[in-house]
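Written below as structure tokens is the structure these notes are about.
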Amino acid sequence: MTTETTTHEFQTETKKLLDIVINSLYTERDIFVRELISNAADALEKFRHESLTKSDVFDSHVPLEIAIDIDEKKETLTITDTGIGMTRDELEHNLGTIAHSGSDSFLTELVEAARKDVSLIGQFGVGFYAAFMAGKKVRVQSRSWDESEGHEWISDGSGSFTLTEMKGLHRGTKIIVELKDDAKEYAQKWKIESIIKQYSAFVAFPIKLEGDTVNTVQALWTRNRNEITEEEYTEFYKFIGNATTDALYKLHFSADAPLAINALLFVPEENFEVLGFGRVEPGVNLYCQRILIDQHSENILPEWLRFLKGVVDSEDLPLNISRQSLQDNALVAKLRKVITKRFLKYLGEQATKDPEAYKKFWTTFGIYLKEGVTSDYEYQKELGKLLRFESSKSEEGGIISLSDYMLRINPDQEEIYYINGPSRAAIEAGPYVEMFKEKDIEIIYTLEPIDDFVLSHLAEFDGKKLVSADRADLSLAKDEEGAEDEGSEESGDKLDKKGIDTLIEWMKKELEATISDVVVSKRLVDAPAMIVNSDGFMSSSMERILAASRKEQGMGMENSKKKLEINPKNPLIVKLAELHKRDGAFAAEVARQIHDNAMIQAGLVVDPLKMVERNYKILGRVLES
Ligand code: ADP
Ligand code: MG
């Protein structure tokens, strides 16, 4: 073996790459420290693995660790590991060529990508060369665990490197980066410390910066669930989630197939978005073997799970994958799917196990699941099972699931019904629930404005259509004749066929401007009238929201024309028919008032000035008589 210095040319493609690395401006220069630390951690991991099967290893007394030292005067950054090390041959090949696939197209692609955006080189697994982002000269001193003599590799990145034998080295690798003039900050302790905390906080070996261990938090997610205490989880959550309180939920899971995943997810106690902090950033970080590759990752979970905090680690991901390519990486998409499904399954389990705790979760974070239903078709079915609402059969403030509804559904019932309103009391006082009460059909109360959008996006559950109870063509379990019969048994204070027809003809004309049709209701029991929607998709509540947003944008707010259903058994309607014969003008005022009242009960907008004026007129007449 030669003892003198030899000079070696870099492989052509390596030269091109180095040329780009050296001559570009970098926005993400910090990552070179991460790359060197990750190489050191790899080398330590390899050594640990190899030494498991050997009884007697070289330099067994040196502790497995990474030491980082800086010299502000000499302007150097030195990273030392006691890992597996490199022989002369390995130094020459690992740090002289781009080993990977070796295929021409790979190398051409790499150089092309680097030319476009130097941060893209990360994804090609050539992390070592990133040292030349900050280093004008890089020296690598290494001694392999196979006990062969140590060597020094030196290069300024400009075409060639030298190799020289070096005596007296311990096992492992020391990389000395002589910093460029504009990269002197990397010889400052605070700078290196903050990079380690950001990217390498969970590396499995101690990282000692100037003698102090910087990475004190364990990578909890890689440990066995049974061996972790609740206190450890809480402490970890507070660290990773920047939190001061406990987490509401915690999910720790591992899988080997189809992908190697370690994930530790937390649901916080508060929803900061609702508390007025604005849209929250995604809180889950993506790691590969404990090295951070995407902080606050937007790719690892769907947007509507942005309230989660935690860690996803997969060794299947290439460490050097770039942020841009995470977005359309097939592996990441697969990870996202597996983790999302697992998390939704977990929520389902929690809901069964402890409904009270789930209720707290639902009140705080239900809005995100609703967002998921309206924006992400892929998980709609799973999300549907997790939704909760009040209903005519829940207690005040209590919540039910659509599955609960299905358990109680009448045997001949084809649809699941819901109605929107500002409160339980308002809904129960309104006309829409009358027939449901009478027929003992459960009806879901949607108390949030967004709910009708959610349910209409979901469209069906367990094979039953979800239908808003203000729909015109509501069939109510095919029992219409029964309702008629019941009516005919009542008192004579009822309009006959001719009386009804005349009244309806007249009302249609009077209300023409806002109403598309006036019909006899098959559903009303006590109330005189109600507004229904002929448009199968839109409920009145949805229309209200759209109108508000149109108004916000300064656009006109035109409601679609509604149908008015009237109840010929109601005394007011009966008397209106009489009044119409005697005093058409006043009857018209009353008809309009009935219409406005029905609109208000539907949560729709009426002209308040006109209505008040009309109201006084009617009151005046009442007092006269
Ligand atoms: P990657 O880590 O993706 O393989 P790098 O460019 O970071 O690519 O490193 C190239 C190779 O150099 C590594 O695969 C490893 O064999 C070798 N190497 C780099 N740093 C070290 C080190 N600290 N100890 C031992 N080997 C190393
Ligand atoms: Mg590497």
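The values are calculated or read from the model by the stated rules, or taken from the named source; none is laboratory data. Remember, predicted model here, so these are calculated numbers, not experimental data. Every residue, glycine as well, gets a Cβ built from its backbone with ideal geometry; the counts of neighbours run over all protein chains shown. Just so you know, the surface numbers come from the protein's heavy atoms only, side chains and all, with ligands and any DNA or RNA stripped out. Shrake-Rupley method; radii C 1.70, N 1.55, O 1.52, S 1.80 Å.
Annotations for the structure displayed:
- Residues in the range 226-244 include none that are assigned to a helix (DSSP H, G or I) and small (Gly, Ala, Ser).
- Qualifying residue in the range 173-181 (condition: more than 17 Å from GLU75 (Cβ to Cβ), outside any helix (DSSP H, G or I) and in contact with a Phe, Trp or Tyr (Cβ under 8 Å, 6 or more places away or on another chain)): no
- Residues in the range 165-197 that are more than 40 Å from the chain's Cα centre (by Cα), among the acidic types (Asp, Glu) and open to solvent by 60 Å² or more (accessible area, probe 1.4 Å): ASP181 alone.
- Some residue of the range 223-232 being open to solvent by less than 10 Å² (accessible area, probe 1.4 Å) and closer than 21 Å to GLU315 by Cβ: no
- Residue within the range 100-108 that is at pLDDT below 95, within 14 Å of ligand 2 (Cβ to nearest atom) and open to solvent by 30 Å² or more (accessible area, probe 1.4 Å) present: yes
- Of everything listed in (1) within 13 Å of ligand 1 (Cβ to nearest atom); (2) outside any loop (DSSP other than H, G, I, E, B); (3) more than 28 Å from LYS180 (Cα to Cα), the single unmet condition for VAL33 is (3).
- Exactly one residue among SER38, SER51, SER60 is polar (S, T, N, Q), under 26 Å from GLU165 (Cα atoms) and away from ligand 1 (no atom under 16 Å from the Cβ), and that residue is SER60.
- One residue stands out among those in the range 1-13 that are away from ligand 1 (no atom under 15 Å from the Cβ) and either without any contact (Cβ under 8 Å) to a residue 40 or more places away in the chain or hydrophobic (A, V, I, L, M, F, W, C) (or both): the one that is most open to solvent (accessible area, probe 1.4 Å), which is MET1.
- The one condition in (1) of a type in the set (Asp, Glu); (2) within 26 Å of ILE291 (Cα to Cα); (3) part of a loop (DSSP other than H, G, I, E, B) that GLU147 fails to fulfil: (2)
- Yes/no for LYS551 being basic (Lys, Arg), part of a loop (DSSP other than H, G, I, E, B), open to solvent by 40 Å² or more (accessible area, probe 1.4 Å) and closer than 30 Å to LEU466 by Cα: no
- Among the residues of the range 127-151, just one is within 14 Å of ligand 1 (Cβ to nearest atom), charged (D, E, K, R) and either open to solvent by less than 40 Å² (accessible area, probe 1.4 Å) or touching a Leu at 6+ places or on another chain (Cβ under 8 Å) (or both), namely ARG143.
- Qualifying residues in the range 423-439 (those that are closer than 13 Å to SER391 by Cβ and charged (D, E, K, R)) - the one most open to solvent (accessible area, probe 1.4 Å): LYS437
- Within the range 29-47, residues that are among the hydroxyl-bearing types (Ser, Thr, Tyr) have Cβ atoms under 7 Å from residues that are modelled with pLDDT under 90 and near ligand 2 (Cβ under 9 Å from one of its atoms) in these pairs: SER38/GLY127; SER38/LEU319, counting only partners at least 6 apart in sequence or on another chain.
- Residue within the range 591-610 that is in the same structural domain as ILE504 (by TED's automatic domain parsing) and over 24 Å from PRO431 (Cβ atoms) present: yes
- Checking the range 64-75 against the condition returns a match, with at least one residue being at pLDDT 90 or above, within 16 Å of ligand 2 (Cβ to nearest atom) and in contact with a helix residue (DSSP H, G or I) (Cβ under 8 Å, 6 or more places away or on another chain).
- When each of GLU349, GLU356, GLU269, GLU315 is tested for being closer than 23 Å to TYR233 by Cβ, within 16 Å of ligand 2 (Cβ to nearest atom) and open to solvent by 10 Å² or more (accessible area, probe 1.4 Å), the lone residue that passes is GLU315.
- Helices (runs of 4 or more DSSP H) fully within the range 374-452 counting 1 or more residues that are in contact with a Ser or Thr (Cβ under 8 Å, 6 or more places away or on another chain) and among the aromatic types (Phe, Trp, Tyr): 402-408, 434-438
- One residue stands out among those in the range 14-56 that are away from ligand 2 (no atom under 14 Å from the Cβ), open to solvent by less than 40 Å² (accessible area, probe 1.4 Å) and among the small types (Gly, Ala, Ser): the one that is nearest to HIS170 (Cα to Cα), which is SER51.
- Residues of the range 155-164 satisfying the condition of being crowded, with 16+ Cβ neighbours inside 10 Å and at positive phi: GLY157
- Test: residue in the range 544-563 that is over 23 Å from SER456 (Cα atoms) and touching a Leu at 6+ places or on another chain (Cβ under 7 Å): no
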